[in-house]
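Presented below is the structure to which this report refers.
The values are calculated or read from the model by the stated rules, or taken from the named source; none is laboratory data. All figures in this text were calculated on a predicted structure; none of them were measured in a lab. In this analysis, Cβ positions are derived from the backbone assuming ideal geometry, glycine residues included, and neighbour counts consider all displayed protein chains. When the accessible area is computed, the model is the full protein with side chains, heavy atoms only, and any ligands, DNA or RNA have been set aside. Shrake-Rupley method; radii C 1.70, N 1.55, O 1.52, S 1.80 Å.
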Amino acid sequence: MGKRSKRQNSIEFMKENRRLFSCPICNNEMDVHDDGEVFCSNRHNFTIAKQGYVNFLTKPVRSMYTKNLFESRKVVIDSGLFNEMHKQVATIIGNSVKTILDTGCGEGSHLARICEQLNDEVVGVGVDIAKEGIITAAKYYDRKIWCVGDLADSPFREQSFDVILNILSPANYGEFKRLLKQGGKLIKVVPQSEYLMELRKQVFANSKKELYSNEQTVVRFHEQFMNVSQQRITYKVPIEKELIPKLIEMTPLGWHAETHDISLEELTIDLDILVGEV
Ligand SMILES: C[S@@+](CC[C@H](N)C(=O)[O-])C[C@H]1O[C@@H](n2cnc3c(N)ncnc32)[C@H](O)[C@@H]1O
Ligand SMILES: [Zn+2]
């Protein structure tokens, strides 16, 4: 038998997990057909692309996040910069969860690396409004469900997920509460004041952008969720010279810096991991 295509594998995996989906137009349950059509009883349908992802957006959205940006983010994440965060998040998740949704998953590396540390059966789903991010995710990571969609109005059924991840991305707490199972957890990762400090100091020298506070995010999180915990993880990672252009390219804020003006030997990762329950 020949090797099955990426699309065929995605069709199979989405069929197995069809109960996770609801129609983004009418909220009805969805089914997945052998030909790769994902459809509801009102005949709204979405097609699994040859790259193995589904686009659930009902109108086109322009994103400032480009293919280049996502490829650079992948190189940076592959370099190990976020390994400690992945380890910590995997420990918080534990080994008994069945379904995880990463909201604003970008190119998918955080979800893939976190799932690697969990049980083999866990079903990881990533959603992002930027098609280029999801195409990159589908290219590198199999046996995940990759969806282009709006995290504020998502194509998933209520109470479907044990864990929602929201890493360095915007949130919609109303929607997250709808999607989480009873007792499910939201894990939100936000930058702390020293995050990428060495880089920001050089790019934003003498500017207010250099300062960062997540105070309001933390207050809102406490208002919305129960049993909230907050862990700060701070560590430094040595940086190879070749990584500097990728670090510059990985943000849409356009850190308009010339790579040769930047000198970095190490970089600080400083993040808060907020955990709350519904
Ligand atoms: C700073 S990036 C972080 C991406 C990834 N979590 C990471 O840390 O590499 C923010 C991401 O949020 C996504 N995003 C912004 N608004 C969104 C929305 N309404 N629905 C889904 N994704 C969204 C962007 O497309 C982008 O990929
Ligand atoms: Zn429908």
Working carefully through the options Cys115, Cys147, Cys105, find the one that is more than 8 Å from ligand 1 (Cβ to nearest atom) and either of a type in the set (Gly, Ala, Ser) or more than 18 Å from Ile11 (Cα to Cα) (or both).
Cys115
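Looking only at residues in region 104-148 that are among the small types (Gly, Ala, Ser) and at negative phi, which one is nearest to the chain's Cα centre (by Cα)?
Filtering region 104-148 for residues among the small types (Gly, Ala, Ser) gives 104, 106, 108-109, 112, 124, 126, 130, 133, 137-138.
Retained after the next criterion (residues that are at negative phi): 109, 112, 124, 126, 130, 133, 137-138.
On the way: Ser109: 8, Ala112: 10, Gly124: 10, Gly126: 6, Ala130: 11, Gly133: 9, Ala137: 10, Ala138: 13 Å.
My answer is Gly126.
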Subset of region 58-70 [under 18 Å from the mean Cα position of the chain (by Cα) and either within 18 Å of Lys144 (Cα to Cα) or within 14 Å of ligand 2 (Cβ to nearest atom) (or both)]:
Phe70
Selection from region 1-29 of residues that are without any contact (Cβ under 8 Å) to a residue 40 or more places away in the chain and part of a loop (DSSP other than H, G, I, E, B)
Met1, Gly2, Lys3, Arg4, Ile25, Cys26, Asn27, Asn28
Could you count how many residues in region 181-203 are more than 16 Å from the chain's Cα centre (by Cα) and part of a strand (DSSP E or B)?
4
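Condition check ((1) surrounded by 18 or more Cβ atoms within 10 Å (Cβ to Cβ); (2) over 30 Å from Val219 (Cβ atoms)) across all residues:
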residue: Ala90; (1), (2): no, no
residue: Ile114; (1), (2): yes, no
residue: Ala137; (1), (2): yes, yes
residue: Tyr140; (1), (2): no, yes
residue: Arg143; (1), (2): no, yes
residue: Cys147; (1), (2): yes, yes
residue: Ala152; (1), (2): no, no
residue: Glu158; (1), (2): no, no
Result of the Cβ filter at 8 Å on region 163-188, keeping first residues that are more than 9 Å from ligand 1 (Cβ to nearest atom) and partners that are open to solvent by 50 Å² or more (accessible area, probe 1.4 Å) and in a helix (DSSP H, G or I), at least 6 apart or interchain, is Tyr173/Arg220; Tyr173/Gln224; Lys177/Gln224
Within 16 Å of ligand 2 (Cβ to nearest atom), open to solvent by 10 Å² or more (accessible area, probe 1.4 Å) and of a type outside the set (Phe, Trp, Tyr): is that true of Asp162 in this structure?
no
If we ask which residues in region 5-50 are away from ligand 2 (no atom under 16 Å from the Cβ) and farther than 22 Å from Val122 by Cα, their number turns out to be 6
Considering only residues that are farther than 30 Å from Ser263 by Cα and in contact with a helix residue (DSSP H, G or I) (Cβ under 6 Å, 6 or more places away or on another chain), look in region 165-186 and name the one that is nearest to ligand 2 (Cβ to nearest atom).
Tyr173
Against the definition (part of a loop (DSSP other than H, G, I, E, B) and of a type in the set (A, V, I, L, M)), how does Met85 come out, yes or no?
no
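Residue-by-condition table, conditions (1) part of a helix (DSSP H, G or I); (2) of a type in the set (Val, Ile, Thr); (3) surrounded by 14 or more Cβ atoms within 10 Å (Cβ to Cβ); (4) modelled with pLDDT under 95:
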{"position": "Asp34", "(1), (2), (3), (4)": "no, no, no, no"}
{"position": "Phe39", "(1), (2), (3), (4)": "no, no, yes, no"}
{"position": "Gly52", "(1), (2), (3), (4)": "no, no, yes, no"}
{"position": "Leu57", "(1), (2), (3), (4)": "no, no, yes, no"}
{"position": "Pro60", "(1), (2), (3), (4)": "no, no, no, yes"}
{"position": "Ser63", "(1), (2), (3), (4)": "no, no, yes, yes"}
{"position": "Phe70", "(1), (2), (3), (4)": "yes, no, yes, no"}
{"position": "Arg73", "(1), (2), (3), (4)": "yes, no, yes, no"}
{"position": "Ile77", "(1), (2), (3), (4)": "yes, yes, yes, no"}
Take region 81-102 and flag every residue that is out of contact with any Asp or Glu (no Cβ under 9 Å at 6 or more places or on another chain), more than 14 Å from ligand 1 (Cβ to nearest atom) and within 22 Å of Asp270 (Cβ to Cβ).
Glu84, Lys87, Gln88, Thr91, Ile92
